[in-house]
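Here the structure comes first, spelled out in structure tokens, and everything after it is commentary.
The values are calculated or read from the model by the stated rules, or taken from the named source; none is laboratory data. Since this is a predicted model, take the numbers as computed values, not measurements. Note that we place each Cβ from the backbone using ideal geometry, even for glycine, and neighbour counts take in every protein chain shown. Surface accessibility is based on the protein's heavy atoms, side chains included, excluding ligands, DNA and RNA. Shrake-Rupley method; radii C 1.70, N 1.55, O 1.52, S 1.80 Å.
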Amino acid sequence: MRRSKYYIPTQKEIPQDAEIKSHIIMIKGGYIRKLSAGIYTLLPIAQKIMIKIANIVRKHMNNAGFSELVMPIVSPKELWEETGRYDIYGKEMMKFNDRHKREFVLGPTHEEIITDLVRKTVKSYKELPLGLYQIQTKFRDEIRPRFGIMRGREFLMKDAYSFDSTKEHAVTTYKKVEKAYNDIFSEMELEFSEVAAQSGPIGGDTSKEFMVHADVGESIILKCEKCGYVSNNEKTELVEIKNEKEVPAPMEDIETVNIKTVEAVSGFLNVNKSKIVKTILVRAADKFIAVLLRGDRDLNMDKLNNILGVDASELALEKDFVKLNLPSGFIGPFELPIKDIYADISVKDLCNFVIGANKKDHHFKNVNIGRDINIDKYYDLSFAIEGDKCPKCGGSLDSFHGIEVGHIFILGNKYSKSMKAFFVDDAGKRQNFEMGCYGIGIGRTMASIIEQKYSKEKGMYWPLCVAPCDIDILLLNTSDEALVKVGDELYNELGKTGIDTIIDDRNINAGVKFAESDLLGAPIKIVIGRKYLENKKFEVVYRKNNEKQFMDHDTLIKYIKEIIGIKI
RNA sequence: CGGGGUGUAGCGCAGUGGCUAGCGCGCUCGGUUCGGGGCCGAGAAGUCGGAGGUUCAAAUCCUCUCACCCCGACCA
């Protein structure tokens, strides 16, 4: 295309609300425009990239035996009530009424819709396994959309669903998708990790996340340097958190006026946070429980919920403390009027520690388990952090940030059961489908590529398979007819071979063209300036390695075909 | 949802009671430059987020409201 006729509304200023690289580049480079919080228009170059990413995903999903369909974005409330997710999904789900006052939702995901479809159409084991996917807009009314399309409310997602006759077959399908995902992200030249993401009731290797390595990633990943075990910090199991043995000192009651937080207690008493045990009051299923954690550890609500066997629990509010007549900021396990106490393994073997005294403005010092308080069982309740022990081999865990671009999951019969989705097996018996679901954020993948491939010095580099165009010709001087002719001829010649070329034929400053070219990130950049007229050599940069070369016409064509050939 | 912040030209911002609201970038026109968002000149462009109030006088003070952004949602 000719840049003069193409729509790429760039801007020089960094938008006020853009914080991360990909967001800044996408706004400056004319990829996206915000319409409302978390809602964006995809402009032509972004749309081209999205289509290419989607097509790579399609190719590998098709290979894995899945068929593409498209489900409606709007679905009736009743379907969501069948699984109970109408309430569980809560405020994230955008709800509205039609003119007849019937209630509908904008699909945040499509398990219910696909299960409904399959239960109505698939009746026999002979039709299984069945794999279906769509590339569809999703809407989730996120609490806090941010980072441009990285965490938007409206976003494009590939979501796939599998239906198998047995658990074993479901695992086979799951493995196929796992392979497909590895191929997809590898093809896009992303550095990523496949990360364990589930330790709950289903257990085992039944859920994995695909994480693109990036400092701005919202997920924290732990990796064992010794055995290579990788997991999301939300899911990393902890077997042991070491505490030093000490000679017990006598317990003391200390006045701590208005000293409420671990931070404050630590400073006031001059003790390390790891020598404080915090008592967290949690409301779970209409009753209150207390959780004991070492002061430097954070409570992982997911782990707690799994242990309690509840879907959700929440921290007690100030009014709960009032109701229970507990002094907020000073509660502790000593004579606590809450009988359900869950202690984290970080508290085990801890000696001479500090706890709240259950008395306003008082803490106890030198508390010891067995002597002052009793704990008969320890649970794994905290987030793993760098330096913790690997649950597999005992090695040390390292941590880094990642962007979750894909998630694969074995669902079992959770949906097929609640929605009464059956098939008849080879023994003539009615069975629930064994399901799996598999997502990839298409827009988020695009943003992730920018996070990894853009640098201030070299500009953006889009891998050929996803690039908004293959070649970017910078025609620096449009008032020089001879040069214009050279540019046009090259542009037309490449166009005829089907190579996707853009030529910057605008009558503007060279600096602007270079700056915008760095934002566009076409893998091959060709510069035609006055220097060309001297020696008839094109300046060519392959952005992947940022190598600048000068070559004559025939060499250039050969070079381009070589590089583009890699793609085909 | 809690806390904080911001809304003034397309974008980034200045303007804390006083005349006709400014600056940079962008845009238009003219000139110049012609390999890293260049330079000179001229110009177009604003219901100062909205509503109400205080005042002789409001972008500026007050109330309400809307939108957007940031932090938090680990507090024991």
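Key figures for this structure:
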| quantity | calculated |
| --- | --- |
| Filtered residues of the range A:238-259 (kept if within 13 Å of RNA strand B (Cβ to nearest atom) and exposed (fewer than 15 other Cβ atoms within 10 Å of the Cβ)) | A:258 |
| Exclusive hit being modelled with pLDDT of 95 or more, within 12 Å of RNA strand B (Cβ to nearest atom), of a type outside the set (Lys, Arg) and in contact with a helix residue (DSSP H, G or I) (Cβ under 8 Å, 6 or more places away or on another chain), set A:49, A:45, A:8, A:56 | A:8 |
| Number of positions in the range A:267-282 that are open to solvent by 40 Å² or more (accessible area, probe 1.4 Å) and either within 17 Å of residue A:348 (Cα to Cα) or within 9 Å of RNA strand B (Cβ to nearest atom) (or both) | 4 |
| Filter result (open to solvent by 90 Å² or more (accessible area, probe 1.4 Å) and near RNA strand B (Cβ under 10 Å from one of its atoms)) within the range A:536-551 | A:548, A:550 |
| Condition check for residue A:372: away from RNA strand B (no atom under 12 Å from the Cβ), at pLDDT below 90, in the same structural domain as residue A:305 (by TED's automatic domain parsing) and within 17 Å of residue A:293 (Cα to Cα) | no |
| Among residues of the range A:295-314, those that are modelled with pLDDT of 80 or more and open to solvent by 20 Å² or more (accessible area, probe 1.4 Å), counted | 8 |
| Some residue of the range A:476-488 being open to solvent by 70 Å² or more (accessible area, probe 1.4 Å) and not acidic (Asp, Glu) | yes |
| Sole residue being on the phi < 0 side of the Ramachandran plot, away from RNA strand B (no atom under 16 Å from the Cβ), among the acidic types (Asp, Glu) and open to solvent by less than 50 Å² (accessible area, probe 1.4 Å), chosen from A:141, A:164 | A:164 |
| Condition broken by residue A:279, with the remaining ones in (1) part of a loop (DSSP other than H, G, I, E, B); (2) under 27 Å from residue A:377 (Cβ atoms) satisfied | (1) |
| Those helices (runs of 4 or more DSSP H) lying entirely in the range A:479-568 with at least 1 residues of a type in the set (Gly, Ala, Ser) and without any contact (Cβ under 8 Å) to a residue 40 or more places away in the chain | A:481-496, A:510-520, A:553-567 |
| Residues (of a type in the set (D, E, K, R), assigned to a loop (DSSP other than H, G, I, E, B) and more than 29 Å from the chain's Cα centre (by Cα)) located in the range A:282-337 | A:286, A:335 |
| Number of the exception - residue A:521 against (1) on the phi > 0 side of the Ramachandran plot; (2) open to solvent by 40 Å² or more (accessible area, probe 1.4 Å) | (2) |
| Condition met for residue A:364 (in a strand (DSSP E or B), out of contact with any Asp or Glu (no Cβ under 9 Å at 6 or more places or on another chain) and either at pLDDT 90 or above or open to solvent by 50 Å² or more (accessible area, probe 1.4 Å) (or both)) | no |
